[in-house]
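Worksheet for the structure shown next.
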Amino acid sequence: MPGTSRKATFALVASVSIALLATACTGQSDAGASDDASQETTLNFWHAWSAPSEVQAVKDLVAGFEKTHPNIHVDVVGNMTDDKMNQALRTGGAKAPDVISSFTTNSVGKFCSSGALVDLNPFFEKSGVDPEKTFPKAMNEYTRFDGNRCAVPLLGDAYGLYYNKTAFKKAGISAPPKTWSEFERVAKKLTIPQGDSYKQLGFMPNYHGWETTTEHYLGQFSPTYFDKEGKSNVGKDPAFAQAFTVQKKLVDALGGYRKLETYRSKLGDEWGPKHPFHTGQVAMQLDGEWRLGMALDTKPKFDIGVAPLPVPDDQADQYGKGYITGTIAGIAATSKKQNAAWELVKYMTTDTDAVVNFSNAIHNVPSTLAALKSPKLTYDPRFKTFLEIAANPDSTTAPASINGGVYLTTVQEFGYAYESGKATDLKAGLKKTAAQIDTDIAQAK
């Protein structure tokens, strides 16, 4: 259960929970990096992992740190929600966290702009660590906002394409599709009707499907969400219209929105053993690296293939890229032990063996370029696809915003309306969506 809840739940609640930080302009006036990290001290580290195997992996990670830093002791508190972290970051105190780890990359803009987490740039400079040469490009992007690097990646998630190799063989398909036009043809070929429903659906394209969100689709089109002035680009960048058009075409080609929704409503949930890809009811699935282990645990009756997601036909040379997100770590502005806290953060996020061991334990993607190439990584050969997606400089992410993931929710809401036919004018809809995003950001400042 590799951090499962963050993919669905945290993405949806981020815009609500981080709003609590609007009054958290804690800054660093009462704290600051004035402590001596060579002295005996104890840090509080809060994280969100909750599955027993994950909790143990975090304990092992911290134990490795304490072994190399015997004077710094770490009290670890797990299963902490963003709401609880935000509350503690506002109030501070002896029991508040010095270091936090959140599943919600969408929170970075608020964490940085509010001053809840300190800017790590000075720490990186003092340590002689260059983030640009240490972390993959997309991970560098989602851990900073307006020049403020208040977070650092702590393992990541990469999205790719899972496919039923047995179904491919039966349909006479020799390889996974590389472009969206190929993908549509393959999805139709894999679809087997049964009455007014499906015996097997090639792909569930609807935005309410499992991980098939606007955010994840758009990652393959390399959109520019905001212009240089910080205004929404949703109505101007052709990548948005292109992505919405591709998805709507898939919906129509595979039976239409209503028929697909009816089928989807009868299928298993995303995190259970009856996920429709596990059962063979859906032959292709857009999903993250964690799906491989979850699918194999159910002992499926078919061979599983893994590949990068398709790219637009006019970006065929960028095949291999994908959407990247992940877990972040940061130092509380209220902490009076920021230098010691930095030693913990630096170890967990930049020490190659520490990152590799943590990745091996919880089956997420390593978050440094060195760890991605480490011979000490242990994984199913198919997992290598996600390592390559994470390291690919063309891979994308969603940029940080001052009001968190609100703009992504606004784009998603329009996606629901457009795929269902409630909205029919794509150009006008995207323009209206952009205007709403600009209004929301202006109100958040």
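For region 353-405, what are the residues that are of a type in the set (Ser, Thr, Tyr) and either assigned to a helix (DSSP H, G or I) or under 16 Å from the mean Cα position of the chain (by Cα) (or both)?
Ser359, Ser367, Thr368, Thr385, Ser395, Thr396, Thr397, Ser401
Quick one: which of Lys189, Lys199 is part of a strand (DSSP E or B) and either acidic (Asp, Glu) or open to solvent by 30 Å² or more (accessible area, probe 1.4 Å) (or both)?
Only one candidate passes the filter, namely Lys199.
Go through region 128-150 and give me each residue that's open to solvent by less than 10 Å² (accessible area, probe 1.4 Å) and farther than 23 Å from Glu388 by Cα.
Cys150 - this is the single residue of region 128-150 that is open to solvent by less than 10 Å² (accessible area, probe 1.4 Å) and farther than 23 Å from Glu388 by Cα.
Can you say whether Pro122 is part of a helix (DSSP H, G or I) and over 25 Å from the mean Cα position of the chain (by Cα), as far as the supplied structure shows?
For Pro122, the condition - part of a helix (DSSP H, G or I) and over 25 Å from the mean Cα position of the chain (by Cα) - is met.
May I ask you to list the residues in region 94-119 that are surrounded by fewer than 24 Cβ atoms within 10 Å (Cβ to Cβ), modelled with pLDDT of 90 or more and either touching a Gly at 6+ places or on another chain (Cβ under 7 Å) or in a loop (DSSP other than H, G, I, E, B) (or both)?
Lys95, Ala96, Gly115, Asp119
Scan region 354-391 residue by residue and report those that are open to solvent by 50 Å² or more (accessible area, probe 1.4 Å) and without any contact (Cβ under 8 Å) to a residue 24 or more places away in the chain.
Answer for region 354-391, where residues must be open to solvent by 50 Å² or more (accessible area, probe 1.4 Å) and without any contact (Cβ under 8 Å) to a residue 24 or more places away in the chain: Lys373, Pro375, Lys376, Thr378, Tyr379, Pro381, Lys384.
List pairs: first in region 37-60 and within 15 Å of Ala332 (Cβ to Cβ), second charged (D, E, K, R) and surrounded by fewer than 14 Cβ atoms within 10 Å (Cβ to Cβ), Cβ under 8 Å, 6+ apart or cross-chain?
Pairs found: Thr42/Asp75; Leu43/Asp75; Asn44/Asp75; Asn44/Lys95; Phe45/Asp75.
Given the criterion not in a helix (DSSP H, G or I) and not polar (S, T, N, Q), identify the matching residue among Gly209, Gly219.
Gly209 is the lone residue from the list that is not in a helix (DSSP H, G or I) and not polar (S, T, N, Q).
Counting only residues that are polar (S, T, N, Q) and in a helix (DSSP H, G or I), how many does region 294-314 have?
Selection size over region 294-314: 0.
The values are calculated or read from the model by the stated rules, or taken from the named source; none is laboratory data. Just so it is clear, the model here is predicted, and its values are computed rather than measured. Positions of Cβ are generated from backbone atoms using ideal geometry, with glycine treated the same way; all protein chains shown enter the neighbour counts. Surface accessibility is based on the protein's heavy atoms, side chains included, excluding ligands, DNA and RNA. Shrake-Rupley method; radii C 1.70, N 1.55, O 1.52, S 1.80 Å.
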